[in-house]
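Below is one structure, written out as structure tokens; comments come after it.
The values are calculated or read from the model by the stated rules, or taken from the named source; none is laboratory data. Note that the coordinates shown come from a computational prediction; the quantities given were computed from them, not determined experimentally. Counting neighbours? That spans all protein chains shown, and the Cβs are built from the backbone with ideal geometry, glycine included.
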Amino acid sequence: MRNGKMVPRTVFDHPFTQFLFYGIIATIPFYRWRQLPGPEFLKVDWLLFGLLFVLVAPYLLMMKTAPRRLKSNLWLPLSLFLLSNFVAYLVSPYPDQAWSGMMLLLQGTLFMLFTMLMVSVRGFESSLLWTLGLSMGLGALMSCLGYFGGIELFNQAGEERAYGGTISSNNMALMCVFTLPITVFWAVYSKTVKMRLFGMTLAALMALGVVSTVSRGGFLSLVIVSALLAYQYKGHFKPKHLGLLVAIVGISAVVAVSIIPKDFFIRQASLVTEGTQDKSLDRRSSYVTVAVDAIEQRPIIGWGTDTFKKLWINSLETRWFDMEERPAHNTYLEVTVGSGIVGLGFFLFLLLRTFFNYHNSQKTLLSHGLEREAHLVGSFKLGLVAVGIYFLIKSGLEHKYFLMVIPLSEIAVRYARQKVAEATQRNDAVS
């Protein structure tokens, strides 16, 4: 129902295709267990997407015009970014690796397209929240059981760092910080006490999930996003509640210090402690050296998508570490090496347009007194901020949370437009 009229259901909104799409989203925190016995393509998420594609693609081909859901201001920066990477591939000294990287970008673009098609305005405020909250709640619980409970299945081999069902500790940290604003939204705006407590429990799991990874970048991201969350919800803290808030924060800090192992604080302190010997930090410094040298040699067009690993293995610096291909552990450097300053410019253009899609939608909703809806959009905007911080410590162009949060900004625009229209219609009816 829209503006009093019944809207025909399309294949995008059919319960079965919705189940397939949100099933893909639900598998993201469980990378280690998505592979089925047999060939590599037998992965749970690949099979779900394959079936979804078979059902949706014929419908798209039969349509005379592109669906309105695909109309977006994101296609220009994304197309320019893809074009810059294709040009870099054409002149790359590592054509096979550059082509492989291009295929990953195209796969990611396809995932963005399907996200734009499958997430409706209604799904944006219901199915998506449930899927992200529950799947990451389980993932964070596994990580906590590994770190605090000593269950080795959920810990990285040979390390006192947990990662649940994901591919790495840093990956788990990103997803916890990404989901934290959504769980806080639940805790603040749920209609029942039980659901608010459930949201608070999930939020606590997200914070402890970050701690369980012992990720320095993840902890920094948690601090920044938590501060932005406090600012976003500052209107909910009345002066008479300030004492209670301080008490809760104080008690939480005491409990955290008492249950968090000392090695967590030692690892975090290594970021600012002079003279600390840390092979991981030394290697990251070497990544920057190799990346800067590569950029100086090909500053405009770059070496081709995902070719940093080839430059690394052929560099002098790699001799001080394990002789194996590695990514740059910094997405912005990875992009600049791959597609030059031109590609980086288009990439930042895409990120900024995404950010302002969220930001402007949030402002529009607030200007019409729709605070709850504005804070929901703000939750995904903070998710984008979490991804941006993660990109400083990892190479993650193929991460599904990144590929999801970009097109979701277009859904946020539609969401704001529809909610404002509904509010205006209600006001007109009353007057």
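Taking the stated definitions as given, is THR166 of a type in the set (S, T, N, Q), in a loop (DSSP other than H, G, I, E, B) and on the phi < 0 side of the Ramachandran plot? Against the criterion (of a type in the set (S, T, N, Q), in a loop (DSSP other than H, G, I, E, B) and on the phi < 0 side of the Ramachandran plot), THR166 qualifies. Scanning segment 53-68 for residues that are over 18 Å from PHE111 (Cβ atoms) and either of a type in the set (D, E, K, R) or buried (at least 19 other Cβ atoms within 10 Å of the Cβ) (or both) returns LYS64, ARG68.
Scanning segment 402-418 for residues that are of a type in the set (Gly, Ala, Ser) and either in contact with a Phe, Trp or Tyr (Cβ under 8 Å, 6 or more places away or on another chain) or free of Cβ contacts under 8 Å to residues at least 24 places away in the same chain (or both) yields SER409, ALA412. Would a scan of segment 158-180 turn up a residue that is in contact with a Lys or Arg (Cβ under 8 Å, 6 or more places away or on another chain) and free of Cβ contacts under 8 Å to residues at least 12 places away in the same chain? Taking every residue of segment 158-180 in turn, none turns out to be in contact with a Lys or Arg (Cβ under 8 Å, 6 or more places away or on another chain) and free of Cβ contacts under 8 Å to residues at least 12 places away in the same chain. When you look at LEU78, is it exposed (fewer than 15 other Cβ atoms within 10 Å of the Cβ), at pLDDT 95 or above and over 30 Å from ALA140 (Cα atoms), yes or no? Considered against the rule, which asks whether it is exposed (fewer than 15 other Cβ atoms within 10 Å of the Cβ), at pLDDT 95 or above and over 30 Å from ALA140 (Cα atoms), LEU78 comes out as no. Taking segment 264-301 as the range and being in a helix (DSSP H, G or I), of a type in the set (D, E, K, R) and at pLDDT below 90 as the test, the residues that pass are ARG267, LYS279, ASP282, ARG283, ARG284. For segment 22-49, residues that are surrounded by fewer than 17 Cβ atoms within 10 Å (Cβ to Cβ) and touching a residue at least 60 places away in the same chain (Cβ under 8 Å) total 2. Given GLU398, GLU373, GLU334, which one is of a type in the set (Asp, Glu) and surrounded by fewer than 18 Cβ atoms within 10 Å (Cβ to Cβ)? It is GLU398. Pairing each residue of segment 205-225 that is without any contact (Cβ under 8 Å) to a residue 24 or more places away in the chain with any residue that is of a type outside the set (Ser, Thr, Tyr), provided the two are 6+ apart or on different chains, yields no C-beta distance under 6 Å.
One line per residue, one yes/no per condition, for (1) among the hydrophobic types (A, V, I, L, M, F, W, C); (2) closer than 30 Å to HIS14 by Cβ:
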site	(1), (2)
PRO39	no, yes
PHE49	yes, yes
PRO67	no, yes
PRO93	no, no
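The one condition from (1) touching an Asp or Glu at 6+ places or on another chain (Cβ under 6 Å); (2) within 29 Å of VAL11 (Cβ to Cβ) that GLY101 does not meet is (2). Residue pairs whose Cβ atoms lie under 7 Å apart, separated by 6 or more positions or on different chains, with the first residue in segment 356-376 and within 16 Å of ALA423 (Cα to Cα) and in a helix (DSSP H, G or I) and the second at pLDDT below 95 and of a type in the set (Ser, Thr, Tyr), are ARG372/TYR189.
Okay, residues lined up against (1) buried (at least 19 other Cβ atoms within 10 Å of the Cβ); (2) in contact with a Pro (Cβ under 8 Å, 6 or more places away or on another chain); (3) among the polar types (S, T, N, Q):
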residue: LEU70; (1), (2), (3): no, no, no
residue: LEU83; (1), (2), (3): no, no, no
residue: TYR89; (1), (2), (3): yes, yes, no
residue: TYR94; (1), (2), (3): yes, no, no
residue: THR115; (1), (2), (3): yes, yes, yes
residue: PHE148; (1), (2), (3): no, no, no
residue: GLU160; (1), (2), (3): no, yes, no
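Here LEU365 passes the criteria (1) surrounded by fewer than 24 Cβ atoms within 10 Å (Cβ to Cβ); (2) over 25 Å from PHE86 (Cβ atoms); (3) over 19 Å from the mean Cα position of the chain (by Cα); (4) not β-branched (Val, Ile, Thr) except the one numbered (1).
Among the residues of segment 380-395, how many are within 24 Å of VAL420 (Cβ to Cβ), among the small types (Gly, Ala, Ser) and surrounded by fewer than 23 Cβ atoms within 10 Å (Cβ to Cβ)? Of the residues in segment 380-395, 0 are within 24 Å of VAL420 (Cβ to Cβ), among the small types (Gly, Ala, Ser) and surrounded by fewer than 23 Cβ atoms within 10 Å (Cβ to Cβ).
If I filter segment 98-109 for residues that are outside the structural domain of CYS176 (by TED's automatic domain parsing), among the hydrophobic types (A, V, I, L, M, F, W, C), touching a strand residue (DSSP E or B) at 6+ places or on another chain (Cβ under 8 Å) and surrounded by 12 or more Cβ atoms within 10 Å (Cβ to Cβ), do I get at least one hit? Looking for residues that are outside the structural domain of CYS176 (by TED's automatic domain parsing), among the hydrophobic types (A, V, I, L, M, F, W, C), touching a strand residue (DSSP E or B) at 6+ places or on another chain (Cβ under 8 Å) and surrounded by 12 or more Cβ atoms within 10 Å (Cβ to Cβ), one finds none in segment 98-109, hence no. In segment 69-91, of all residues being touching a helix residue (DSSP H, G or I) at 6+ places or on another chain (Cβ under 8 Å) and among the small types (Gly, Ala, Ser), the one that is farthest from PRO15 (Cα to Cα) corresponds to ALA88. On the stretch given as segment 289-313, residues that are β-branched (Val, Ile, Thr), over 26 Å from ILE389 (Cβ atoms) and surrounded by fewer than 19 Cβ atoms within 10 Å (Cβ to Cβ) total 2.
To keep it simple, each residue is scored yes or no on (1) at pLDDT 95 or above; (2) surrounded by 14 or more Cβ atoms within 10 Å (Cβ to Cβ).
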residue	(1), (2)
SER315	no, yes
ARG319	no, no
HIS329	no, yes
GLY340	yes, yes
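Restricting segment 48-60 to residues that are over 17 Å from MET116 (Cβ atoms) and more than 22 Å from the chain's Cα centre (by Cα), the residue that is modelled with the lowest pLDDT is PRO58.
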